[in-house]
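Here is the structure we will look at, set down as structure tokens.
The values are calculated or read from the model by the stated rules, or taken from the named source; none is laboratory data. Computed from a prediction, not measured in an experiment: that's the story for all the values here. Note that each Cβ is placed from the backbone with ideal geometry, even for glycine, and that neighbours are counted across all protein chains shown.
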Ligand code: SF4
């Protein structure tokens, strides 16, 4: 890949991901990282950032794209396949029926997103086992951390954010969130500047979930004072980082 000068937003993404990965010892020599790429801004930007970080790291690291299409449009991942092929990035792409099933009689009680995400997560774990991957990287960012933190308080009555680095199966697999300290606004700008071929999620539940609703309310609350949003974001970033460092 040719070396191209990075913009401010792109540098911010690359540097913040690098800082978190280093501070929390997210990956070491020989790590085989599967990146769950949905086709949205967050995961596609994470993929681009990890490809850049791999060039900077002093040790070898393997990266592989995992795309589990929820089944509303079985062709929409074509730009990702092409993008990976042009860069020589290994990818597993499969079309499932998880999205339609989550909206069917099979799932009469739960929310479609909960059911669909659960099936996709299960499949991603299976793929990690199948390919001998040591890490599964998810594209969550600071905005997701803030939403999750408040959703857990409002809905579940507990104080809990999103872990940066979580072991599964006795430590055989680590679920990592390298972009957790990056704000979505930087990821969106960086993705646009990199011209990443992001596509829209055509699922009927996209944007009309309880999470989306709570997100809008939190955004409104953070308008109460100048700089409130920054303060909330910084407080939760520090909280989550400290928690991860304590548990290392
Ligand atoms: S928005 Fe649709 S595709 Fe995304 S998790 Fe929810 S049900 Fe699945």
Of the residues in segment 153-170, those that are in a helix (DSSP H, G or I) and at pLDDT 95 or above number 2
Filter segment 197-227 for residues that are modelled with pLDDT of 95 or more and farther than 15 Å from residue 141 by Cβ; the one that is surrounded by the fewest Cβ atoms within 10 Å (Cβ to Cβ) is 197
Kindly list the number of the only condition in (1) more than 22 Å from residue 68 (Cβ to Cβ); (2) touching a residue at least 24 places away in the same chain (Cβ under 8 Å) that fails for residue 134. (1)
Those residues that are part of a strand (DSSP E or B), without any contact (Cβ under 8 Å) to a residue 60 or more places away in the chain and either within 17 Å of the chain's Cα centre (by Cα) or buried (at least 19 other Cβ atoms within 10 Å of the Cβ) (or both), I need them from segment 52-91; list them, please. 63, 65, 67, 68, 69, 91
Can you give me the number of residues within segment 104-130 that are within 9 Å of the ligand (Cβ to nearest atom) and surrounded by fewer than 16 Cβ atoms within 10 Å (Cβ to Cβ)? 3
Is one or more of the residues making up segment 140-152 within 24 Å of residue 246 (Cβ to Cβ), away from the ligand (no atom under 15 Å from the Cβ) and without any contact (Cβ under 8 Å) to a residue 12 or more places away in the chain? yes
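So that you can scan it fast, the table gives a plain yes or no per residue for (1) over 30 Å from residue 4 (Cβ atoms); (2) within 16 Å of the ligand (Cβ to nearest atom); (3) not in a loop (DSSP other than H, G, I, E, B):
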residue	(1), (2), (3)
182	no, no, no
185	no, no, yes
200	no, yes, no
206	yes, yes, no
215	yes, yes, yes
223	yes, no, no
Matching residues, segment 56-89, being more than 16 Å from the ligand (Cβ to nearest atom), modelled with pLDDT of 95 or more and out of contact with any helix residue (DSSP H, G or I) (no Cβ under 8 Å at 6 or more places or on another chain): 62, 78, 79, 81, 82, 83, 84, 85, 86, 88
If residue 174 satisfies all but one of (1) on the phi > 0 side of the Ramachandran plot; (2) buried (at least 17 other Cβ atoms within 10 Å of the Cβ), what's the number of the condition it fails? (1)
Is it the case, given these coordinates, that residue 92 is away from the ligand (no atom under 13 Å from the Cβ), in contact with a helix residue (DSSP H, G or I) (Cβ under 7 Å, 6 or more places away or on another chain) and within 20 Å of residue 138 (Cβ to Cβ)? yes
